[in-house]
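The block underneath contains the structure these notes are about, expressed in C-alpha cells.
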Amino acid sequence: MHDVRIIRERLDELKTALRARGVEIDVDAIAVLDAERRRILTEVEGLKNERNVVSREIGRMRQAGQDTTERQAYVRSLGERISELDARAHRAEEERDAALLRIPNLPHSSVPVGPDASANVVVRTWGEPRTFPFPPKTHVELCERLNLVDFARGARMTGAGFHVFTGLGARLERALIQFMLDLHTRHHGYMEVSPPFLCNVASMTGTGQLPKMADDMYFVSGDGLYLIPTAEVPVTNYYREEIITEPLPIKMTAYSPCFRREAGSAGRETRGLIRVHQFDKVEMVKFVEPETSYEELESLVRDAEDVLQALEVPYRVVLLCTGDLSFAAAKCYDIEIWAPGQQAWLEVSSCSNFEDFQARRAGIRYRRKDGKTAFVHTLNGSGVALARLFVALLENGQQADGSVVLPDVLHAYLDGMGKIEPKP
RNA sequence: GGAGGGGUGGCAGAGUGGUCGAUUGCGCCGGUCUUGAAAACCGGAGUCCCGCAAGGGACCGGGGGUUCGAAUCCCUCCCCCUCCGCCA
C-alpha cells in the first residue's frame, strides 16, 4: 500500500504512473475521501478535547463533594455527537484504505514505458539454441516415452492441470530442487527456510496477492487460508509486523510447491507442463536497505542466471515494460529459457524489486543508523521455477535415439546417472 | 477438541475506574570523566493522526460495549503458554 501522502502531494505523478501501467483507478475519488476524513477529524477531535477537559473537572468536583449532574448530562450529549462523527471518519478511512490497497506500485524510472509484453526489452542472452539433425520431440512425448510424468492419472486423482512425476521423473525433480538450494546456500549466501504452504489473509495482503488476485488462488474456506502461489508470500512475511534487528541485507531461499488456479487462462497451453496448477519452485527473497535495492536486484538476477548457466540451458533476460509489470513490482526482469520442442521461450524466473511497497503493507521495518525506524526494501526472484525447467532440460538434452542427456552438474545428485534412456 | 493462564513502549516487566502515554530495569542516543574504552555520573528519547502554527486527538493484541471518564469492568475475535484428549 502506498503512503497516503501520495494522494495529497504526488497526485499527478501517480496518475502518470497508472496511465503507463494501463490501469484505470479513480484516484481523485480517493482524494475526496481523504479530505472528508480530515475535515471530520478536526471537528471530532475538538469535541473530544472538550469531553476530556470536562471529565477531569467532574472528577475534581466529586472529590470536593459538589453536584455534577448537569456536567454529566453535558458530556453525555457530547458523546453522542462524537460517536456519530467517529463512525463517519472511520468509514471514510476504511473506504480510502481499501482503495489505496488496490493501487499498484509505481514503476521505477528505468522501466521502459509500453502497453504490453511487446514493449519488453531483451537485455542479454546466454547460450546458443541447439540445432538438431532430427525433428526434436516435445517434452510431452519424451515424458511419456521415458515414463517420467503421468498426466492422465494426475488428472484423474485431482483434475486437469495436475500431474504425477514418476520414477526417474520424480528423481530428477528432487535432484533439481536440491541442486538449486545447494547453489544458493553454498555460493550465493542465502539462508534456507522451509515455510508453510498455506498463508492467512494478512500475509497474502502483505505481499500484494490480496485483494486483487483472490480468484487466482486456492482458498481453504474452513480455515480461511490460501494455498501459496509462490514461496515469496511466506518468506517475505517472515518479518511481518517486525522491526528487523539483524544486519541487512538478509537473503533467504526456499523450496515450495506453488498453487495457481490460472483462472481466465483456461484452454491456453493446457498440454504438458507449461502451465499447470501445481509446480515446484525454489525462490529467493531479500530484505535490504533502500539505498542498495537496485544493486541487489541486479545480483538477484545473476543468482538466478547462475542456475541456468550451470545447467547449460540457453536463456535470455527480459526487462518488463510498465504495461507488463506485476501489481507490487517497481522493476522486474524475467528470465526465459529456450525450449526447442516448443520452439518457444519459457518464463522460468521473475526477479523484482518492490521497494517499500510490500514492506509498508506488511509492516516490515529496520532501524536506521540514526535510530529511526524505516521500511526495508524487499525483492524476490525465482531461482528457478521447476516445471518449465524440466521441460527445457528434456527438450534440450534429447538425442536421436530418444534418450536424454543431463547436464554434468546434476550427475552428483543422481548417483552418477548422466542419461535417461527409454526402456526397450 | 476440553480446561486454565496470558498478550503493556526496542526487550523485560509494574500498573485493577480519574493528573497514566503509562513506575522501573536493560538496551539505545548525547555529555562529563579517560590517551582510548569500560565503569560511574548527568541528560535525552515511543508511534500515528489533524493543524501553517499554537495546540489538539488516538494508540496498553483486533473489534464492540458499560461509564461523565477505561490499560484497568463486560462481550467477541485473533495469537501465545501450561495441562488433558486425539494423532503423523
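The values are calculated or read from the model by the stated rules, or taken from the named source; none is laboratory data. Bear in mind the structure is a predicted one, so any value in this text is a computation, not a measurement. Here the Cβ is made from the backbone with ideal geometry for all residues, glycine too, and neighbour counts use every protein chain on show.
Picking from residues in the range A:234-266 that are closer than 26 Å to residue A:173 by Cβ and in a loop (DSSP other than H, G, I, E, B), the one that is modelled with the lowest pLDDT is A:266. You will find that of A:409, A:384, the residue that is among the hydrophobic types (A, V, I, L, M, F, W, C), part of a strand (DSSP E or B) and in contact with a helix residue (DSSP H, G or I) (Cβ under 7 Å, 6 or more places away or on another chain) is A:384 and no other. Looking only at residues in the range A:272-301 that are part of a loop (DSSP other than H, G, I, E, B) and touching a helix residue (DSSP H, G or I) at 6+ places or on another chain (Cβ under 6 Å), the one that is farthest from residue A:144 (Cα to Cα) is A:276.
Quick grid of which residues meet (1) in contact (Cβ under 8 Å) with a residue 24 or more places away in the chain; (2) not small (Gly, Ala, Ser); (3) not assigned by TED's automatic domain parsing to the domain that holds residue A:327:
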| site | (1), (2), (3) |
| --- | --- |
| A:149 | yes, yes, no |
| A:154 | no, no, no |
| A:168 | yes, yes, no |
| A:175 | yes, no, no |
| A:183 | yes, yes, no |
| A:189 | yes, no, no |
| A:193 | yes, yes, no |
| A:197 | yes, yes, no |
| A:208 | yes, no, no |
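Checking each residue in the range A:248-298 for being out of contact with any strand residue (DSSP E or B) (no Cβ under 6 Å at 6 or more places or on another chain) and within 16 Å of residue A:381 (Cα to Cα) picks out A:256, A:294, A:295, A:298. In the set A:71, A:88, A:10, A:5, only one residue is closer than 30 Å to residue A:325 by Cα and surrounded by 14 or more Cβ atoms within 10 Å (Cβ to Cβ); that residue is A:10. Of the residues screened, residue A:349 is one that is part of a strand (DSSP E or B) and assigned by TED's automatic domain parsing to the domain that holds residue A:252.
This table checks each residue for (1) of a type in the set (Val, Ile, Thr); (2) under 38 Å from the mean Cα position of the chain (by Cα); (3) under 28 Å from residue A:324 (Cβ atoms).
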| residue | (1), (2), (3) |
| --- | --- |
| A:18 | no, yes, yes |
| A:26 | no, yes, yes |
| A:33 | no, yes, no |
| A:44 | yes, no, no |
| A:76 | no, no, no |
| A:81 | no, no, no |
| A:95 | no, yes, no |
| A:99 | no, yes, yes |
| A:104 | no, yes, yes |
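Could you please find all residues in the range A:337-374 being farther than 27 Å from residue A:205 by Cα and out of contact with any helix residue (DSSP H, G or I) (no Cβ under 9 Å at 6 or more places or on another chain)? Within the range A:337-374, A:343, A:344, A:345, A:369, A:370, A:371 qualify.
Among the residues of the range A:136-147, those identified as out of contact with any strand residue (DSSP E or B) (no Cβ under 8 Å at 6 or more places or on another chain) and either without any contact (Cβ under 8 Å) to a residue 24 or more places away in the chain or in a helix (DSSP H, G or I) (or both) are A:140, A:141, A:144, A:145. Report yes if some residue within the range A:323-344 is surrounded by fewer than 17 Cβ atoms within 10 Å (Cβ to Cβ) and under 24 Å from residue A:180 (Cα atoms); otherwise report no. Yes, the range A:323-344 contains at least one residue that is surrounded by fewer than 17 Cβ atoms within 10 Å (Cβ to Cβ) and under 24 Å from residue A:180 (Cα atoms). Count of the range A:1-59 residues, restricted to those that are assigned to a loop (DSSP other than H, G, I, E, B), of a type in the set (A, V, I, L, M) and within 13 Å of RNA strand B (Cβ to nearest atom), is 2. I need the full set of residues from the range A:66-104 which are outside any helix (DSSP H, G or I) and either touching a residue at least 40 places away in the same chain (Cβ under 8 Å) or within 9 Å of RNA strand B (Cβ to nearest atom) (or both), in order please. Across the range A:66-104, the qualifying residues are A:68, A:101, A:102, A:103, A:104.
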